[in-house]
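S.K.: Have a look at this one.
The values are calculated or read from the model by the stated rules, or taken from the named source; none is laboratory data. Fair warning: this is a prediction, and the values are worked out from it, not measured in the lab. Cβ placement follows ideal geometry from the backbone for every residue including glycine, while neighbour counts extend to all protein chains displayed. Keep in mind that these areas ignore ligands, DNA and RNA; they rest on the heavy atoms of the full protein, side chains included. Shrake-Rupley method; radii C 1.70, N 1.55, O 1.52, S 1.80 Å.
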Amino acid sequence: MKYIKLNNNLEIPLIGIGTNTFGKVDNQYAAEINYDTKELDTAIQVGYRLLDTAIAYRNEEVIGLAVEKSGIKRSDFILTTKLPGQVGYIQKNEIIDAVNQSLKNLKTNYIDILLMHHPWDNNEEMLSVYQVLEEFVNKRIIKAIGVSNFNNEQLKYILDHCQIKPAINQIASYPGHWQDDLIEFNQTNGIVVQAWSPLNRVTFEMKNILQDIGKKHDKTWAQVILNYQVRRGVVVIPKSHRLEGQKENLDIFDFELSPEDINRIKNL
Ligand SMILES: NC(=O)c1ccc[n+]([C@@H]2O[C@H](COP(=O)([O-])OP(=O)(O)OC[C@H]3O[C@@H](n4cnc5c(N)ncnc54)[C@H](OP(=O)(O)O)[C@@H]3O)[C@@H](O)[C@H]2O)c1
């Protein structure tokens, strides 16, 4: 595994695992939680240590259970969860309760990374939520705070008014929607970008091109995308329910894309 250092010096893996359908009946996002940790068990066994969940996924407890069952030290994991945007969680006590519930669900006394899941329409309200999260960092209950789905203006507002800079912005970034300008803005401001749904929205035509690039290195279309992202410092959180997929998505550091290949990928 390779790591990247956040602006607060916390080191996190460049590859994590998305979990938004894990521990749910038939692996359906909106289905009931069944507390089945099988996908997480294999992910942890093959080496994933960055686990990405959210209050909205309703499965924090499943993640907590899998970490506990693994027998691996809590401090070896980086657990990310996310506070929902503007659907409640406005008052300070609501945010405090939500964070305390996440701690309980994850069976831990600290959270590595807590993100605001979505930006708010009202910048001042958005900032007031962020400020409560800053207090948790000051109390060392949360190690790193960040945001998700924030554009340049929303980020700039937080940057202009915060005491603790966001460490991460988790955004959509995949072929055809790389979001290069947003990535550059984040990176220029010392904010690490995490790409969500890195593999989910790839068309058949794109897969053919990526497969053609991967052939030279004996790699798959998915591995080409993940390699492209991590080589430019973007953390990826692909999700696979299959052991083979989970392994494949970790096995991406042993090849180098040529400048021509990079151009083709950029232009997908
Ligand atoms: N912050 C946000 O607003 C936000 C939004 C969306 C998602 N997320 C996070 O990002 C995570 C990842 O996004 P995602 O779950 O939408 O999807 P994803 O990781 O982009 O893609 C998942 C799909 O790709 C397939 N897949 C995975 N590895 C593969 C491989 N090596 N070869 C071929 N197919 C492969 C999976 O099928 P198999 O299971 O059959 O392998 C699954 O259908 C989420 O789980 C969540 O944690 C965050």
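S.K.: Test of understanding: among Ser197, Ser240, which residue is on the phi > 0 side of the Ramachandran plot and under 23 Å from the mean Cα position of the chain (by Cα)?
M.R.: Ser197
S.K.: Here's a follow-up. Within the set of pairs 6+ apart or on separate chains, which have a first residue in segment 92-104 that is of a type outside the set (S, T, N, Q), a second that is surrounded by 13 or more Cβ atoms within 10 Å (Cβ to Cβ) and assigned to a helix (DSSP H, G or I), and C-beta atoms under 7 Å apart?
M.R.: Lys92/Val132; Ile95/Val129; Ile95/Val132; Ile96/Val132; Ala98/Ile55; Val99/Phe136
S.K.: Name every residue in segment 71-80 that is open to solvent by less than 40 Å² (accessible area, probe 1.4 Å) and closer than 14 Å to Asp41 by Cα, in order of residue number.
M.R.: Listed by number, the list holds a single entry, Phe77.
S.K.: Search segment 159-171 for residues being open to solvent by 10 Å² or more (accessible area, probe 1.4 Å) and outside any helix (DSSP H, G or I), and hand back the single one that is nearest to Gln187 (Cα to Cα).
M.R.: Of everything passing the filter in segment 159-171, Lys165 is nearest to Gln187 (Cα to Cα).
S.K.: Does Arg264 satisfy the condition of being open to solvent by 60 Å² or more (accessible area, probe 1.4 Å) and under 23 Å from the mean Cα position of the chain (by Cα)?
M.R.: For Arg264, the condition - open to solvent by 60 Å² or more (accessible area, probe 1.4 Å) and under 23 Å from the mean Cα position of the chain (by Cα) - is not met.
S.K.: Exactly one condition in (1) surrounded by 22 or more Cβ atoms within 10 Å (Cβ to Cβ); (2) assigned to a helix (DSSP H, G or I); (3) in contact with a helix residue (DSSP H, G or I) (Cβ under 7 Å, 6 or more places away or on another chain) is false for Leu226; which is it?
M.R.: Only one criterion is unmet by Leu226, namely (3).
S.K.: Kindly establish whether Lys143 is open to solvent by 50 Å² or more (accessible area, probe 1.4 Å), at pLDDT 95 or above and in a strand (DSSP E or B).
M.R.: Considered against the rule, which asks whether it is open to solvent by 50 Å² or more (accessible area, probe 1.4 Å), at pLDDT 95 or above and in a strand (DSSP E or B), Lys143 comes out as yes.
S.K.: OK, next. Which of the numbered conditions does Asn200 fail, given that it passes all the others? Conditions: (1) among the polar types (S, T, N, Q); (2) at pLDDT below 95; (3) more than 30 Å from Leu79 (Cα to Cα).
M.R.: (3)
S.K.: When you scan segment 116-136, do you find a residue that is open to solvent by less than 10 Å² (accessible area, probe 1.4 Å) and closer than 19 Å to Leu50 by Cα, even just one?
M.R.: Yes, because at least one residue in segment 116-136 is open to solvent by less than 10 Å² (accessible area, probe 1.4 Å) and closer than 19 Å to Leu50 by Cα.
S.K.: Quick test for you: out of Lys156, Lys219, Lys207, pick the one residue that is free of Cβ contacts under 8 Å to residues at least 40 places away in the same chain, within 15 Å of the ligand (Cβ to nearest atom), part of a helix (DSSP H, G or I) and open to solvent by 10 Å² or more (accessible area, probe 1.4 Å). Before you say what the answer is, go through the steps one by one.
M.R.: Numbers: Lys156 fails: within 15 Å of the ligand (Cβ to nearest atom); Lys219 fails: part of a helix (DSSP H, G or I).
The match here is Lys207.
S.K.: Next question. Within the set of pairs 6 or more residues apart or between chains, which connect a residue that is without any contact (Cβ under 8 Å) to a residue 24 or more places away in the chain inside segment 1-28 to a residue that is more than 8 Å from the ligand (Cβ to nearest atom) and open to solvent by less than 10 Å² (accessible area, probe 1.4 Å) with Cβ atoms less than 6 Å apart?
M.R.: Tyr3/Pro13
S.K.: All but one of (1) under 30 Å from Tyr157 (Cα atoms); (2) within 11 Å of the ligand (Cβ to nearest atom); (3) assigned to a loop (DSSP other than H, G, I, E, B) hold for Gly190, so report the exception by its number.
M.R.: Evaluating Gly190 over (1) under 30 Å from Tyr157 (Cα atoms); (2) within 11 Å of the ligand (Cβ to nearest atom); (3) assigned to a loop (DSSP other than H, G, I, E, B) leaves (2) as the failure.
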